[in-house]
1. Mind ordering 134-144, 114-124 by average Cβ neighbours within 10 Å, highest first?
2. Could you sort Arg72, Arg60 by their accessible area in this structure, using a 1.4 Å probe and putting the largest first?
3. If you put +1 on each Lys and Arg Cβ and -1 on each Asp and Glu Cβ, how big is the dipole of region 94-194 around its Cα centre, in Debye rounded to 20?
4. Excluding ligands and nucleic acids, what accessible area in Å² is computed for Glu156 using a 1.4 Å probe, to the nearest 10?
5. By accessible area of protein heavy atoms, probe 1.4 Å, what ranking do Lys163, Lys170, Lys93 get, highest first?
6. Hey, if we sort His56, His99 by accessible area with the 1.4 Å probe, largest down, what's the order?
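The values are calculated or read from the model by the stated rules, or taken from the named source; none is laboratory data. None of these values were measured; they are calculated from a predicted model. Positions of Cβ are generated from backbone atoms using ideal geometry, with glycine treated the same way; all protein chains shown enter the neighbour counts. Ligands, DNA and RNA are stripped out before the accessible areas are found, and what is left, the full protein with its side chains, is counted by its heavy atoms. Shrake-Rupley method; radii C 1.70, N 1.55, O 1.52, S 1.80 Å.
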Amino acid sequence: MLAVSLLAFIRVAMAAPVSKNAQVAVMDLGIHSGACSSSIANSDYGAIGTEYIISHLVDRKIYIVMDKEFVRDRIREQGLNMTGLIDPDTAVKLGKNLHTQYLLYGNVNDITVSDTGTSVGGNISGGMQVNTVKAHIILRMLDVKTGCIVAAAKGEGRSRSTKTEVGSDKLGMVSIGVRQVPQVSVLNALESGV
């Protein structure tokens with residue numbers, strides 16, 4: 001929500017170069033090679049992030065957001081790429097075909113996990129581990145008539161999950177929480193970043 005909120009603020013702060021109710025086509029977010037930590041399950045985080053962006057834009061009623069499947073169909077008809085960076089010539093061609101004023105595109109720059117925790121030993125032992133997932137997203141809004149970027153925003157989202165263990169040699173260990181980074185933590189970080 002951070003990056004989408006910044007784009008909304010930019011529209012207001014810049015004396016409205018992007019008019020309210022402007023028609024916007026949202027492209028799938030690209031993902032840089034190696035952007036995801038090896039401890040994160042592989043998933044299409046670009047498409048998932050795009051869905052979050054569309055949802056937030058529609059909820060805020062700032063722009064008229066084109067249907068994603070309609071946009072995809074038109075892109076396929078033209079043999080164009082829908083993710084990541086878009087060159088100005090392709091944007092103008094795509095904008096004319098879609099009859100839209102602006103394209104919103106960007107990338108998931110990275111999704112990382114950091115682990116912190118502590119443990120104690122002895123007759124009774126235990127510990128706690130905290131996994132923090134961070135997602136960094138960059139968004140740009142491009143005017144399809146001029147090929148110029150009229151707004152840009154950077155968002156960072158975070159999500160945490162924990163695992164607590166307590167026990168003894170005689171009784172064994174009891175674990176509460178998750179051993180690995182859950183998918184929901186990654187999705188929460190991604191959503192709060194857009």
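1. Numbers: 134-144: 22.7, 114-124: 9.9.
Top of the packing list down: 134-144, 114-124.
2. On the way: Arg72 50, Arg60 90 Å².
From most accessible down to least: Arg60, Arg72.
3. Details: 10 positive and 7 negative charges, 52 e Å.
Rounded to the nearest 20 debye, it is 260 debye.
4. For Glu156, the solvent-accessible surface is approximately 70 Å².
5. Values: Lys163 30, Lys170 195, Lys93 110 Å².
Descending order: Lys170, Lys93, Lys163.
6. On the way: His56 15, His99 145 Å².
In descending accessible area the options line up as His99, His56.
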